[in-house]
Amino acid sequence: MSDRTPLLEFKEINTHYGAVHILKDVNLAIYPGELVCLLGGNASGKSTTLKTLLGMVKPTSGDVILDGEVVNEKPISYRVERGVTMVPENRRLFKRLSVKENLELGAYLRTDKAKIAEDLERIYDMFPRVKERLSQRAGTLSGGEQQMVAMGRALMSSPRVLLMDEPSMGLAPALVETNFELIQQIHAEGVAIFMVEQNANMALSIADRGWVLQTGKVVLDDTADALLQNPELRASYLGEAESH
Amino acid sequence: MIAVKRSKQSVLRTNNSVDLFLTVIRVVSLIVIALGLLLFFIEQIRGTALNGDAPLTGGAIRGLFVTGVSQGAMYGLIALGYSMVYGVLGFINFAHGEVFMAGAMSAWITSNILFDNGMWEGGFSFIIALLIVLLVAIVVSTLATILIERIAYRPRRESPRLIPLITSIVVSFFMQNAVLGLFGPASKTLPAPPSWMSDSYTFLEIEGTKILVMVIAAISMAGLWVFVERTKTGKAMRAVAEDKEIAALMGIDVNRTIVTTFAVGGAMAGVAGVLWGLLFRGVSSQTGFLPGIKAFTAAVIGGVGNLGGSMAGGLILGVAESVGPLLILKPMTIPAVSQLKDAVAFAVLVLVLLFKPTGLFGERLASEDRA
């Protein structure tokens, strides 16, 4: 993997909220087409990592690198145009807008009308349920349907890397598995996926690599299989103690 | 334990007495309205029976409604600006009435220039002149509101919502006094429109100016509706109103969208300023105050943040203040009713909020910080 240039990279990133030091010298690299996950407990800096990658939060030191270019000072739209997008925590659809408008907003920065229409069709194929509800307000959909729209909206920006913040949070247990299948399906189409997830077992079972974040520091950085075997991780995140 | 129980009980008791109080007020207000209307009909019938002459002729009532609708349309146009800014930034922009006044002032200046050049007469040339006046008013009000946003509100964007609210009141005073200083306290008069404008038309016998006012208002609202509902920028505006962070995530330039929102609201206020000029012909530095407050009232009646509601609120307010005094107050032998029209307008607000606290078409807002 290391012979390719990373798509998105963190070099010695430090982030502060006021006086609070959130991320401490974090190094990350996401390569094209990879499925990687970031694990960590509450307040470990997972969401801040995502926000810093997108430019919603500016790092106090270090570099965010997109395709080899330092993008610290670039706006979110610059990164979205170049194929970075996010499915936010709790989906955050525009509830008062129609499902169709939500999807269209995903393609806000794109101007290639023919290609947008094509992608819209592709999303309808992927989520037939969404197609039935196009003119409905997004807020009236069920949790599972909203998740589909949130993913569809993100895919409408034609991303190369999809950042996912807790994709299984707030979903009915039965939907969590479907959701992971969807993530794999999107990954199979060549989109790199960077997933922040509480459900470590499930996430690692589909991921290539993973990082573990603890109070703003990367404490483990390995392949998914190695992490699954790691005794320390098993004890703290994979619920080993309960499974005995 | 006992203390806790007691405090719980007393909380419940206050709730009950508040509810009871509200119910009493609701019932009383309905009785007053019903009584007024009943007395009105009795007087009408008695008057017709006694001397074949009702106190209010059909033509007079029709006139009141037409006046109400045309003024209400103007309130509605102003109300849109309050509603849009509230939707996007969550505070009431009290300087909006002054943006409307700036439009009316510009209408006074341009219409007089055009009048001196002989364009404020005839058919075709009057229409062209009116379009020029409208265009200038739209430009003036839009620029004014963009400037206000840039200078007064943007630096306070991250402050608690009460701070831009107070800032807007300051801006309002500043603009009133600036115009007072520049043009003096006397009321300025727009030139009289050509005679065909004061004739009456259609079976409803509506005055030409009022038809014109209603047509201009209808076109502006339709234009705004198309803009907000059918264009990409409109979609971005609605997205920003709902969730700025996620709108930015879609690649929307939130700052520019907020400016657009102010600009569109300002343009509507500019149009309303010209309509004011057509309806009343008198403009001064104080012109913005009462219509501004009434438009804000209209926005609350319709449910702030809801554009259709603001329009409807404007029309309801306009008709109520025009019809209400003579239809409900006069039959109850209240003296000098026509001077109570402002009181009636605000009474409508109280009434609507008594029955539906979110406004007629409003939705309950989430617990975001809004002022």
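Read-outs throughout are calculated quantities, based only on the coordinates presented, and are distinct from any laboratory measurement. As the structure is a prediction and not an experimental result, all values here were calculated from the model. Every residue, glycine among them, receives a Cβ derived from its backbone with ideal geometry; neighbour counts consider all protein chains shown.
Structure data summary
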{"read-out": "Two-site label geometry, A:S142 and A:T5: point separation in nm, points 7 Å out along Cα→Cβ", "value": "4.6"}
{"read-out": "Förster radius 25 Å - calculated FRET efficiency between B:W196 and B:A218 (Cβ-Cβ, nearest 0.05)", "value": "0.80"}
{"read-out": "Efficiency of FRET from Cβ geometry, B:I146 and B:I61, R₀ 56 Å, rounded to 0.05", "value": "0.85"}
{"read-out": "R0 of 45 Å, Cβ-Cβ distance B:R230-B:N112: FRET efficiency to nearest 0.05", "value": "0.75"}
{"read-out": "Where labels lie 7 Å past Cα in the beta-carbon direction, separation of B:N255 and A:D221 in nm", "value": "3.4"}
{"read-out": "Prolate/oblate/rounded call for chain B, Cα gyration tensor, a/c under 1.5 rounded", "value": "oblate"}
{"read-out": "Unit charges at the beta carbon, dipole of the protein assembly as shown: most positive-side option, B:I25, B:V215, B:T261", "value": "B:I25"}
{"read-out": "Rounded to whole Hz, the Karplus (6.51, -1.76, 1.60) HN-Hα couplings of the stretch A:161-173, x for glycine and proline", "value": "9, 10, 8, 10, 9, 6, x, 9, 5, x, 9, 4, x"}
{"read-out": "Dipole of the protein assembly as shown [Lys/Arg +1, Asp/Glu -1 at C-beta], most positive-end residue of B:L114, B:A49, B:G103", "value": "B:A49"}
{"read-out": "Sequence-distant residues sharing a close amide H with A:L23 (under 5 Å, placed H)", "value": "A:T15"}
{"read-out": "Three-way shape call for the stretch A:130-187 based on the alpha-carbon gyration tensor, with the a/c threshold at 1.5", "value": "oblate"}
{"read-out": "The stretch B:235-371 shape via C-alpha gyration tensor axes, a/c threshold 1.5", "value": "oblate"}
{"read-out": "GNM result for chain A, Cα springs below 10 Å: residue of A:N90, A:N102, A:N230 fluctuating most strongly", "value": "A:N230"}
{"read-out": "Chain A: most fluctuating residue of A:K115, A:K46, A:K131 per GNM, C-alpha cutoff 10 Å", "value": "A:K115"}
{"read-out": "Alpha carbon centroid spacing (whole Å) that separates the stretch B:230-260 from the stretch B:126-165", "value": "19"}
{"read-out": "The stretch B:56-355, dipole about Cα centre (Lys/Arg Cβ +1, Asp/Glu Cβ -1), debye to the nearest 20", "value": "400"}
{"read-out": "Span from the the stretch A:84-144 Cα centroid across to the the stretch A:146-200 one, whole angstrom", "value": "14"}
{"read-out": "Amide hydrogen neighbours beyond the local backbone of A:Y31, cut-off 5 Å, H modeled", "value": "A:L7"}
{"read-out": "Whole-number percent relative contact order across chain B, with pairs defined as alpha carbons under 8 Å at least 6 apart", "value": "32"}
{"read-out": "Cα long-axis angle, helix A:113-126 against chain A (0 to 90 degrees, to the nearest 10)", "value": "80"}
{"read-out": "Sequence-distant residues sharing a close amide H with A:M195 (under 5 Å, placed H)", "value": "A:V36, A:C37, A:L38, A:M164"}
{"read-out": "Fraction in percent of alpha-carbon pairs per bin - 20 Å, the protein assembly as shown", "value": "17, 39, 30, 13, 2, 0"}
{"read-out": "³J(HN,Hα), Karplus 6.51/-1.76/1.60, whole Hz, each residue of the stretch B:219-232, x for Gly, Pro", "value": "5, 4, 5, 4, x, 4, 4, 4, 4, 6, 8, 10, 9, 5"}
{"read-out": "About the Cα centre, charge dipole magnitude for the protein assembly as shown (Lys/Arg +1, Asp/Glu -1 at Cβ), debye", "value": "1900"}
{"read-out": "Highest-fluctuation residue, B:L135, B:L327, B:L20 considered, GNM on chain B with Cα pairs under 10 Å", "value": "B:L20"}
{"read-out": "Violating pairs (Cα-Cα greater than 27 angstrom) within the set A:K46/A:K74; A:K11/B:K235; A:K74/B:K244; B:K232/B:K294", "value": "A:K11/B:K235; B:K232/B:K294"}
{"read-out": "Distance (nanometres) between label positions extended 7 Å along Cα→Cβ at B:V350 and B:T333", "value": "2.3"}
{"read-out": "Karplus (6.51, -1.76, 1.60) ³J(HN,Hα), θ = phi - 60°, over the stretch A:136-144, in Hz, Gly and Pro reported as x", "value": "6, 5, 4, x, 8, 7, 6, x, x"}
